[in-house]
Amino acid sequence: MQHQILRNKNKITVISGVLIALGFLSLWTVGNELVFEWALIIASILGAAPIAIQAYQALKVKVVSIDVLVTLAVTGAFLLRNFEESAIVTFLFLFGAYLEQRTLNKTRSAIKELTEMAPESALKLMDDGEYVEVEVDEVEVGDVLLVKTGAKVPVDGTVLSGEGSINEAGITGESIPVGKEKESKVYAGTILDNGTLQIVADRVGEDTTFGKIIELVEEAQDSKSEAERFIDRFSRYYTPAVLLIAFIVWLFSRDIASAVTILVLGCPGALVIGVPVSNVAGIGNGARRGILLKGSEVIGDFSRVDTMVFDKTGTLTMGAPAVSAVEYYGENIPEALGYLASIERESDHPLAKAVLDEIGETEYSVVENTEVVKGGGIVATVNGHRVAVGNVALMVKENVVLNEKAQADIARLERQGNSLVLSAVDGELKILMGVRDQTRPGAKEHLQELKKLGVKHLVMLSGDNQGTVDIVGRELGLTEAHGNMLPEDKSAFIKRLIEQEGRIVAFVGDGVNDSPSLALANIGIAMGGGTDVAIETSDVVLMNSNLGHLPHALGLAKATARNMKQNILIAVGVVLVLISALIFSDWMNMSIGMLVHEGSILAVILNGMRLLSYRQKA
Amino acid sequence: MMKAATLQLETLTCPSCAAKIEGALKSLNGVDQGSIKVLFNSSKVKLNFDADTIALDDITQAITKMGYIVEKSVVK
């Protein structure tokens, strides 16, 4: 019976709404007071039933819930034969709860979409050599699985055979196809756009990167800040206090009407729901883009950050050297490029890969008489030509003439922090390439956005020499750049900023060898996540290396923190206005109180929902 | 023997639901009180319980009796 009533709450809401409408209609059209009264009596009893049951269940476990207040208030009004109030208040309370549920689901939708991306089944290789569809829970580490086009990768694994391209949006938040072949790593929750892969399971279920993300986000959306814990403690005593106040009012004034009105006006709904709603919508917005904010405490601290410290290599720069500039001299350049590639192809020098990537497809020739000149480069015979590849010192040694333009180019590229690769064919300079670890695309613009968001100090720390660090620092418009720093120097630097200068510091790193700094900073931000350590020690995880997500993350944290404050303000403001209206005016009654009250709950939910569509303005 | 359970409930819509469920679970013998976590937004309950004293069914029952549907439960 109890369950029946609770299950059909929505139907009861509709019926009681129709009854109230009928009652008023008969009163206003034909002036039939008997129909009016009975319609409202039935609506009151019907509507009060589910609320009373909820109140009873709460009291059984010693919780004085809102239902208790409303049940008492409605009973009071009913006994006073004020059926109009009792019917309207119950209806508004039920209808409000229905709207709350609908809108609340919207604010949670972003995270729900993410969790629904979890794979459910897998094609597992059985002993008889056939693939059989099994539940994902039944897959164990070491199982061999088949992933077909359009299917979700069920586990974290390694490709045994096959080729294909995978959309890794579920992990990185970026919908870019990534090619996979033998030995490639694949991740649970990503989708195979085309091809077929046979994989072996390395990690399953909650141990997969996707599983960790889900768990982290779910915990984060329900994590509570100091303010929220305070509100929770507060509301535990608040509802009984409202009950007590109403009782005292009745005791002294003997006015039951005022006493029950206080019960309704004192409902704390918007206050308890306001902050969680902002929290879940803000975290949901981030999660959709591969930005994981670990809870409302993190959001609060992050929104107040005034100093951002970056690790250089791999964070602000790509982490791998690449050709940044090329100059050609004289004729027969295609041939010269072919010779250069042929020589570099046989070298394992770190710069060789960058040069080969730059040249791309070309015609290779046989390389003979290769001679490695220590601290200079390589001299060899290719197609009967003497080819020298190396630095300026090698060119001088080979008596290569460096004309005025070449000398100017060399000076310019060196100034920009490049390592130089020169190629000469038969004693004549043909190609000059500048190679360096380049800054990430858009890095400068994104750092400026951070400044606009109120980060006063942008600091870069690096193990590289001060010269290189200065160049990158100037190029990106940083406020400070320090080189020659070991990991422990970095964490000591951050400690000093926090303890001696009282700054609120965020550290941005790739989590590879900077975990101490990630842990020490007020906010540790791991970029290009995926490594377990980074996910665990940091407060904010950016699942891919796109620096553009950093301003979004900061802007989102600020917007979410602001949103929480607005919601607290709305909730507290409404209660204050209602109570003072009751004291100082004569128009305040239970129905108006309930209407305003439910309105304020919807207001905070709708306000929180705005965060779902938050975008960082460029 | 202690076991960890994760229960997926129907969507919770009022924060006081969370308080009610927590209250109901706390009164159960065999449930580690400190481990009870009612996640309001993800509508999940996580707790540790002593499998020798109480069965998962009893825990599910306690929540169902409060009027909330348990959609899925996982024990580890």
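The values are calculated or read from the model by the stated rules, or taken from the named source; none is laboratory data. No experiment lies behind these values; they were computed from the predicted model shown. Virtual Cβ from ideal backbone geometry, glycine too; neighbours counted across all protein chains shown.
Descriptive notes on the structure:
- Taking segment A:6-36 as the range and being surrounded by fewer than 18 Cβ atoms within 10 Å (Cβ to Cβ) and either acidic (Asp, Glu) or within 14 Å of another protein chain (Cβ to nearest Cβ) (or both) as the test, the residues that pass are A:6, A:7, A:8, A:10, A:33.
- Matching entry among A:52, A:39 (being at pLDDT 85 or above and surrounded by 24 or more Cβ atoms within 10 Å (Cβ to Cβ)): A:39
- Of all residues making up segment A:148-185, the number that are within 21 Å of residue A:546 (Cβ to Cβ), buried (at least 21 other Cβ atoms within 10 Å of the Cβ) and not hydroxyl-bearing (Ser, Thr, Tyr): 5
- Filtering segment A:290-304 to residues that are touching a strand residue (DSSP E or B) at 6+ places or on another chain (Cβ under 9 Å) and not aromatic (Phe, Trp, Tyr) leaves A:290, A:291, A:292, A:293, A:294, A:298, A:299, A:301.
- Identification of strands (runs of 3 or more DSSP E) wholly contained in segment A:228-340 with 3 or more residues that are of a type in the set (Gly, Ala, Ser) and more than 30 Å from residue A:496 (Cα to Cα) yields A:317-328.
One line per residue, one yes/no per condition, for (1) without any contact (Cβ under 8 Å) to a residue 24 or more places away in the chain; (2) buried (at least 16 other Cβ atoms within 10 Å of the Cβ); (3) under 12 Å from residue A:309 (Cα atoms):
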site: A:460; (1), (2), (3): no, yes, yes
site: A:466; (1), (2), (3): yes, no, no
site: A:471; (1), (2), (3): no, yes, no
site: A:474; (1), (2), (3): yes, no, no
site: A:477; (1), (2), (3): no, no, no
site: A:480; (1), (2), (3): yes, no, yes
site: A:497; (1), (2), (3): no, yes, yes
site: A:502; (1), (2), (3): yes, no, no
site: A:505; (1), (2), (3): no, yes, yes
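- Count of residues meeting criterion [touching a helix residue (DSSP H, G or I) at 6+ places or on another chain (Cβ under 7 Å) and either facing chain A (nearest Cβ under 9 Å) or of a type outside the set (A, V, I, L, M) (or both)] in segment B:45-76: 6
- Residues being part of a loop (DSSP other than H, G, I, E, B) and over 18 Å from residue A:158 (Cβ atoms) - total across segment A:170-200: 4
- Only one of the numbered conditions (1) closer than 16 Å to residue A:120 by Cα; (2) free of Cβ contacts under 8 Å to residues at least 60 places away in the same chain is violated by residue A:188, and that is (2).
- Selection within segment A:127-147 - in a loop (DSSP other than H, G, I, E, B) and loosely packed, with under 12 Cβ neighbours inside 10 Å: A:127, A:128, A:129, A:130, A:140, A:142
- Hits in segment B:19-41 (condition: in a loop (DSSP other than H, G, I, E, B) and either surrounded by fewer than 22 Cβ atoms within 10 Å (Cβ to Cβ) or more than 9 Å from chain A (Cβ to nearest Cβ) (or both)): B:27, B:28, B:29, B:30, B:32, B:36
- Some residue of segment A:113-122 being crowded, with 18+ Cβ neighbours inside 10 Å, outside any helix (DSSP H, G or I) and modelled with pLDDT of 85 or more: yes
- Candidates A:70, A:89, filtered to the one that is out of contact with any Ser or Thr (no Cβ under 7 Å at 6 or more places or on another chain) and either buried (at least 22 other Cβ atoms within 10 Å of the Cβ) or modelled with pLDDT under 85 (or both): A:70
- Of the strands (runs of 3 or more DSSP E) lying entirely inside segment A:361-443, those containing at least 2 residues that are closer than 30 Å to residue A:547 by Cβ and not hydroxyl-bearing (Ser, Thr, Tyr) span A:419-425, A:428-439.
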